[in-house]
Each structure stands twice: as structure tokens, then as C-alpha cells.
Amino acid sequence: MGRIYNFSAGPAVLPEEVLKEAQEEMMDYRGCGMSVNEMSHRSKMFDNIINEAEADFRKLVGVPDNYKVLFLQGGASLQFAQIPMNLMKNRVADYIITGAWAKKAWKEAQIYGDAAAIASSEDQNFSYIPDCSDLPIRENADYVYICENNTIYGTEYHTLPNTKGKLLVADVSSNFLSRPIDIEKYGILYGGVQKNVGPAGMVISVVREDLITDDCLPGTPTMMKFKTQADANSLYNTPNCWCIYMCGKVFKWLLNNGGLEAMNAANEKKAALLYGYLDESKLFKGTVRKEDRSLMNVPFVTGNKDLDAKFVAEAKAAGLENLKGHRSVGGMRASIYNAMPYAGVEALVKFMTEFEKENL
Ligand SMILES: *Cc1c(COP(=O)(O)O)cnc(C)c1O
């Protein structure tokens, strides 16, 4: 059986070259007679894997020396707690609510202190990014929190909020490494890797060094202190070795394919093709305000539930899978991450064009 075009929002498509390399190394990783899955995380072999992965990530993104790169478990969702535990010195934080993930993070922060929603786009089912140029950010706020790309709703910040000098914390799970990143604009930037980077089971958190201290909220578990993880080079306990190895391969794939500038150009081109078609279509329509559209997750509807279901089923039969939209938006969603080739989006648009002819 051949490979399909996988439009899943996550876990999601990975570069074929990376999968093939992993396949070749599965039984015998570089002459050591075992798989990375069987290797001690304290071995010289694995030490090379994690160090190389971090070095490649730093090179790819251009991470300044005063930021730590941490490979952590618990996914993006555990960061919802880890961030307030480590940063909420005044027990005050301001959240911008642009979707379900931002809302979950905000709810979690309320366990630890006074977390306020200072802006929201919930009034229009999160179909836009609110104006963030002059927000009521509190004087004693420990940080301002955003979710930079809203996986479910298909919106993305194209300008970062004016935080009025406060620390910016961002969840970039679904647009991580899709374009160049100016790390210095963030105190912390983190992403669960299973959307645009690697397999499930890990989050990469890039944390400014001065935020890594022992001064966490009382009761913070040892493992939840950024300091514990930073001091141990992400090896305080057994990490997700396989995921670090796979992400390392993806970083090399990105470096070999022109880095984040080239990735951004390719992503712009894919998105332009799909949005261009949606803007002209008489059957399908995008659900997001134009200027806030995501380059990664593209939700669209026909306006007719039965027709949506028919589309998803017929697309699947044609080898275009996981196009069903999230239940909170309905319709369809095409996730067109880094590893989705242009040909995949072309195939989707061709299929949509034919479906439109037959069903309009
Ligand atoms: C998927 C997703 C999450 C949750 O990730 P987990 O790793 O499953 O906890 C959080 N934020 C965003 C933006 C996501 O897309």
C-alpha cells in the first residue's frame, strides 16, 4: 500500500526522508547493534544524539546564548501548569484567548493565581485575532500569554501583541519551525512537537535564562522546575529518547532544505494555492477573517453538513485523509504543515474543484 496525503492536525505528516532514515537505522543504529529505542539515555551514543539535536535546533532557529532549549515530557498541556509554577511571582498573569488551547492554559493558570482574560475572540467563535495593540495589561502582571497559531480555528498572529514591556509567553505548537522566529521577543516559547516537528510525546521549551530560578511557587514538584531540567541538560530523568532522535532528524532535514526562510516560502506558496481556491469557490468557504488566516491549519465549510461529510468520505477514498474539521468549527480542516508537499495541496485543490463541479 502506498502513502496517502495526511492532512491531520496532529500527530501529523513527517518528511518521508526522515521516516526512511529511521527505518534504515531501526535494527542497528550506526553500527552499535541496537535501535535508539533500546539505548541507555546515559550512553555516549545517546549523548551525541541529544547534543546534536540541540545544536541543530539552535542553528536552525538562531537561538541566542541566553536561552535554554529544553526537551520535556507532558506535551504542551503540562506547560500550561509549568509556566505559572515558574513565572507567577506576583501570582498575576494576563491571557489573550484566541481558542480552545489558550483557554485551557488560562484555566490552568487560575489554579495558581489571578489569571485574567484581557482579550478574546470567542464572540465570533475564535475566527479572528483580537486587536492587541493597546491591551489592559496589568502593572504587576508576571507575563502576557498567547497561543500563536490556533490549530482548531485556523487563525495565526501575524503581529505579536504589544505587551507594554511585560514578558511574552507563547504556545507555538502548531506553527513551530514554519517560519523564522525572533526568539528575543519571547520570555518563553514552547511547542508540542507532534504538530509540525516530530512524533508525539515531547514539548520543546525555549526559556530565557534569567527566568530559570529556584524561586518557583511553593509546592512546585522538582520535575516541574525549569531549573531542574536546564541543569540536567533535559536528562534529569529518562527523556523521550526516540522523539529527541526523530526531531533531530527533522532539524537536519530543515537545515538541508534551506532552513526556516525556505520553509516559510514553501508554506506561503501552499497556503496561497488553497486560500486562493477557497476565495474563488462557490461551494467551499474559509471560516477565518482573511488577515488572520493561519499558514498551517485551514478550516473550510460548504455550509451543508451532509455535503461536508460526503466530501470527507470521498476525499479519503481518493487518498486525501484526515480532512474532517474539529467539532467546534465543523466542516473540514486541512493541516498543511512543513512536511506536506506542494503536490499534496495541489491534489487537494484538484479534488475540491472536481467535487465542486459535481455537487454545486
Ligand atoms: C495540540 C495542541 C496543544 C496540546 O498539545 P499536547 O502536546 O497534546 O498537550 C496545545 N496547544 C496547541 C496550540 C496545540 O495545537
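Data for the structure
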| quantity | calculated |
| --- | --- |
| Total formal charge among the other residues, if their Cβ is under 15 angstrom from that of Arg179, Lys/Arg +1 and Asp/Glu -1 | 0 |
| Dimensionless Rg over Rh [the range 68-206; C-alpha; Kirkwood] | 0.93 |
| When the convex hull of its Cα atoms is projected in every direction, mean area for the chain (nm²) | 18.3 |
| Protein accessible area in the chain, 1.4 Å probe - carbon and sulfur % | 50 |
| Qualifying trypsin sites (Lys or Arg not before Pro) for the range 160-190 [loop in DSSP, other Cβ within 10 Å: at most 16] | Lys164 |
| Inter-probe distance in nm under a simple model that places probes 7 Å from Cα toward Cβ, at Asn162 and Asp210 | 2.3 |
| Rough spin-label spacing in nm, given labels placed 7 Å along Cα→Cβ, for Lys316 and Glu261 | 4.3 |
| Amide H contacts of Ala117 (H built 1.01 Å from N, under 5 Å, at least 5 apart or other chain) | Tyr95 |
| Solvent-accessible area of Lys252 with every protein chain in place, 1.4 Å probe, in Å² to the nearest 10 | 80 |
| Solvent-accessible surface (1.4 angstrom probe) belonging to Leu14, in square angstrom, nearest 10 | 30 |
| Gain on full stretching of the segment that runs from Lys357 to Asp47 - 0.36 nm per residue minus C-alpha separation | 106.0 nm |
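The values are calculated or read from the model by the stated rules, or taken from the named source; none is laboratory data. Note that the coordinates shown come from a computational prediction; the quantities given were computed from them, not determined experimentally. Quick reminder, even Gly has a Cβ in these numbers, built from the backbone with ideal geometry, and neighbours come from all protein chains shown. All accessible areas refer to the heavy atoms of the entire protein, side chains included, with ligands and DNA or RNA removed. Shrake-Rupley method; radii C 1.70, N 1.55, O 1.52, S 1.80 Å.
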